[in-house]
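Enquirer: One structure coming up, written as structure tokens, with questions to follow.
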Amino acid sequence: MPRKIAQVGAPDPERNTSPIFDEDDYDELSFDMELESGVCYFNDVAYRVGDYVLSGNELLHCEERGVWIRRGELHEPETVGT
């Protein structure tokens, strides 16, 4: 069943937001980086691995290690399949 994607706005530098990477950059991340987390944060709100959010029109996906990956842009319906 589709569910609504949270519109989170722009990242606030004063609040906790997990790193945001392009899809190509994620494959090249050093495993030495201390990014291990079971959740992603966006403006102090925790999201589970697998969750999607919209930052403006930018679709972000919470991946393992607690990082956001850009998955493109969304302009219309703000739902995603489970």
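Enquirer: Suppose we keep only residues that are within 18 Å of Pro13 (Cα to Cα) and of a type in the set (Val, Ile, Thr) within the range 49-68. Which one would you say is modelled with the lowest pLDDT?
Expert: The extreme case among them is Val67.
Enquirer: Only one residue in Asp44, Asp27 is loosely packed, with under 12 Cβ neighbours inside 10 Å, modelled with pLDDT of 75 or more and acidic (Asp, Glu), so which one is that?
Expert: The conditions single out Asp44.
The values are calculated or read from the model by the stated rules, or taken from the named source; none is laboratory data. Model, not experiment: these values are computed from the prediction. Ideal geometry is used to build each Cβ from the backbone, glycine not excepted, and the neighbour counts take in all protein chains shown.
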